[in-house]
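Down below is the structure, laid out as structure tokens.
The values are calculated or read from the model by the stated rules, or taken from the named source; none is laboratory data. Quick caveat: nothing in here was measured; it's all calculated off a predicted structure. For neighbour counting, all protein chains shown are included, and Cβ atoms are generated from backbone atoms with ideal geometry for every residue, glycine included.
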Amino acid sequence: MVFFDINALSGSARSGFISTARGKLETPLFMPVATQGSVKALDPQDLTELGAEIVLGNAYHLYLRPGDELIYGLGGLHKFMGWDGPILTDSGGFQGFSLKHLRDFHKDGITFRSHIDGSTHTLTPESIMKIQANLGSDIAMPLDVCLPSDASYTSVSDGIETTFDWVERCKNARKGENQVLFGIVQGGIYEDLRRESIDQMISLDMPGYSIGGLSVGEPKNQLYSTAGFTADLLPENKPRYLMGVGSPEDLVECVAVGVDMFDCVLPSRVARNGALYTKMGRFNITSSRFKNVDDPIDIECDCSTCIRFSAAYIHHLFKAKEYLAYRLATIHNLRFVIRLMEEMRTAICNGSFSEYRKGFLDNYRVADEAVRAKEREKWLKSSD
């Protein structure tokens, strides 16, 4: 089976198909995050109606609760959460970064203190592959060392050596033909270390490669340049997955440099706080200016929230702290991001991506950097 096919190029932007055991995925694509087997406030039918092709679950969190063996005994993660489409599971390597106050790196793996009950658990490359096999995801991620953007050169260098060892061990521990294992590139903001990590991953001949160690506090220009540098050095015939990136402007800029896959909690998380996306930028529906607005949030949006309800109604739900507010806002933001990917695929196929990118970025008002920093701090302190 051919795992990845490119069907169009527009500059460095690529449109293609990823084949999985549960069907083909069109790229570039965005994966809604179902950390604990659920996209908060939504059910699988909502995700299907939104146009989601694949969702992301987290092996670390599902191992802790309810337990990967329990899920295996109940028929696997797809059956457990009622989702028929493909699932990618993250390994828990990112939690080694975000839960730094609860973990310890060592040569054999990562030892965590559970954020649930304080119990101690060690993830090794072999154990994380067993957990992901029990979950039955279609794409698995290896255990890796993810460090903050200000990590020292020596720390990052040591990290890529450990990551290489862990990825190789994950590859050797993988069982079954239906679960694909990606490689993961680290190296922080250091180009020579990125290049070294890329060479290491390519030597393992993985079916796809994730770009890790970004969206961990670096400035936007550094994110874009490092993502582009990394993508340029990865094999053209393998999918490229940029982890943890999901703001609309970042998606457009990183598709422009050749990235194919994305995931992030951002669209759903900010939605639950009343921050909603439109082609003109992000705004907060709790503002008093929406109290009497009879139009939908976005008159161009085809999501069920915008088709059925006014901005005034969504404003009221948030002010009244009704749970329905979180559901309707999440539907809107995820549909916005998924539709953005659909539009970019069309533009790539038409050879007009450069024009699409310019038009989008000319009109889209980017969120204030201070606001984004606060959101990120909250994100790193919680699970989604």
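Scanning the stretch 261-301 for residues that are touching a Ser or Thr at 6+ places or on another chain (Cβ under 6 Å) and either farther than 20 Å from D384 by Cβ or surrounded by fewer than 16 Cβ atoms within 10 Å (Cβ to Cβ) (or both) yields D294, D298.
Would you confirm, using the coordinates I've provided, whether S137 is within 24 Å of P66 (Cβ to Cβ), assigned by TED's automatic domain parsing to the domain that holds T20, in a loop (DSSP other than H, G, I, E, B) and in contact with a Gly (Cβ under 8 Å, 6 or more places away or on another chain)? So S137 fits the description; yes. Where helices (runs of 4 or more DSSP H) fall entirely within the stretch 3-100, those with at least 3 residues that are surrounded by fewer than 18 Cβ atoms within 10 Å (Cβ to Cβ) are at 44-50, 68-73. In this structure, R376 does satisfy being surrounded by 14 or more Cβ atoms within 10 Å (Cβ to Cβ) and modelled with pLDDT under 95.
For first residues located in the stretch 354-372 and charged (D, E, K, R) and in a strand (DSSP E or B), partners that are surrounded by 12 or more Cβ atoms within 10 Å (Cβ to Cβ) and at pLDDT 95 or above and lie 6+ apart or on another chain with Cβ distances below 6 Å form the pairs R365/G281. Within the stretch 59-81, residues that are within 15 Å of D138 (Cβ to Cβ) and in the same structural domain as R22 (by TED's automatic domain parsing) reach partners that are surrounded by fewer than 19 Cβ atoms within 10 Å (Cβ to Cβ) and of a type in the set (S, T, Y) with beta carbons closer than 7 Å, at six or more positions or on different chains, in the pairs M81/S38.
Yes or no, residue by residue, for (1) more than 18 Å from the chain's Cα centre (by Cα); (2) farther than 21 Å from M206 by Cα; (3) modelled with pLDDT under 95:
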site	(1), (2), (3)
D5	yes, no, no
A8	yes, yes, no
G11	yes, yes, no
P28	no, no, no
D46	yes, yes, no
E53	no, yes, no
L56	no, no, no
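Among the residues making up the stretch 302-323, those that are in contact with a helix residue (DSSP H, G or I) (Cβ under 8 Å, 6 or more places away or on another chain) and either crowded, with 22+ Cβ neighbours inside 10 Å or not in a loop (DSSP other than H, G, I, E, B) (or both) are C303, S304, T305, C306, A311, A312, I314, H315, L317, F318.
What do you reckon, is V257 touching a helix residue (DSSP H, G or I) at 6+ places or on another chain (Cβ under 6 Å) and surrounded by fewer than 24 Cβ atoms within 10 Å (Cβ to Cβ)? First the steps, then the outcome.
Values: touching a helix residue (DSSP H, G or I) at 6+ places or on another chain (Cβ under 6 Å): yes; surrounded by fewer than 24 Cβ atoms within 10 Å (Cβ to Cβ): yes.
Considered against the rule, which asks whether it is touching a helix residue (DSSP H, G or I) at 6+ places or on another chain (Cβ under 6 Å) and surrounded by fewer than 24 Cβ atoms within 10 Å (Cβ to Cβ), V257 comes out as yes.
The residues of the stretch 100-131 that are under 17 Å from F164 (Cα atoms) and within 22 Å of the chain's Cα centre (by Cα), listed by number, are I110, L123, P125, I128, M129. Total residues in the stretch 116-129 satisfying the condition of being surrounded by 16 or more Cβ atoms within 10 Å (Cβ to Cβ) and among the polar types (S, T, N, Q): the figure is 2. Within the stretch 283-301, the set of residues being charged (D, E, K, R) and either touching a helix residue (DSSP H, G or I) at 6+ places or on another chain (Cβ under 7 Å) or assigned to a loop (DSSP other than H, G, I, E, B) (or both) comprises K291, D294, D295, D298, E300. All conditions but one from (1) more than 24 Å from G73 (Cα to Cα); (2) surrounded by 21 or more Cβ atoms within 10 Å (Cβ to Cβ) apply to Q132; the one that does not is (1). Within the option set R339, R335, being among the charged types (D, E, K, R), out of contact with any helix residue (DSSP H, G or I) (no Cβ under 8 Å at 6 or more places or on another chain) and within 25 Å of A52 (Cβ to Cβ) holds for one residue only, R339. If you go through the stretch 105-163 and keep only what is of a type in the set (V, I, T), modelled with pLDDT of 95 or more and over 26 Å from F80 (Cα atoms), you end up with T154, V156, I160, T162, T163.
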